[in-house]
Amino acid sequence: MNTTLSGANTEEIHWRAMLFATSASGWTILVRLLVGLIVFLPEGIQKLIFPDILGAGRFMHIGIPYPDFTGPFVAVFEIVCGGLIILGLLTRLATIPLIITMIVAIVSTKIPILLGHDFWIFHVPKLPRYGLWSAAHEARADFCMLLGALYLLIEGAGAWSVDARLARKFAFQTR
């Protein structure tokens, strides 16, 4: 086992450096603000403040199982992970639950719109039209959030983030 002057295990430091490392521009903060501040943090808060229309009540209407549990559960993840993404702290880890959330949102709400009828356990909402163009219109924000979260998973938080500072710290410790 290799150790540094500080006595830390070099494999552990390398793992940490990789978790926090980012080669993305500082301007990645714009994607972080879009994903974290504009969408997930406020949507999570609203799921708790307005549970009947955005949280458990909406989940029940859609057909998501155990809505009284899953509504607040998703809300807390959106708040915590959205906050982490805003700070650029543990960004890659924080994107994973949000990516899962977006995939579930697309499957549970947009596929029934695309098909024009219930799909599996999920119910189609009442809309003036159904099909490809209606689903594309309804899913545009979902796909933007999914792609933004995927970008952050791949590239990391960017130069202007807590992750970047921690990566520099861990990289310095390995020298």
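The values are calculated or read from the model by the stated rules, or taken from the named source; none is laboratory data. If you're wondering where the values come from, they're calculated on a predicted model, not measured in any experiment. Cβ placement follows ideal geometry from the backbone for every residue including glycine, while neighbour counts extend to all protein chains displayed.
For the subset of the range 128-175 comprising residues that are surrounded by fewer than 19 Cβ atoms within 10 Å (Cβ to Cβ) and hydroxyl-bearing (Ser, Thr, Tyr), which member is nearest to the chain's Cα centre (by Cα)? Out of the qualifying residues, it is Tyr151.
Does Arg92 fit the bill of being within 30 Å of Phe20 (Cα to Cα) and either at pLDDT below 95 or of a type in the set (Lys, Arg) (or both)? So Arg92 fits the description; yes. Scoring Gly26 on the criteria (1) within 12 Å of the chain's Cα centre (by Cα); (2) surrounded by fewer than 18 Cβ atoms within 10 Å (Cβ to Cβ); (3) touching a residue at least 60 places away in the same chain (Cβ under 8 Å) leaves a single failure, condition (1). The sole residue among Leu48, Leu54, Leu41 that is more than 12 Å from the chain's Cα centre (by Cα) and closer than 18 Å to Ile103 by Cα is Leu54.
How many residues, within the range 46-55, are part of a helix (DSSP H, G or I), within 20 Å of Asp142 (Cβ to Cβ) and in contact with a Gly (Cβ under 9 Å, 6 or more places away or on another chain)?
Going through the range 46-55 one residue at a time, the tally reaches 3.
Entry remark, the range 58-75: residues being of a type in the set (A, V, I, L, M) and more than 20 Å from the chain's Cα centre (by Cα) number 2 in total.
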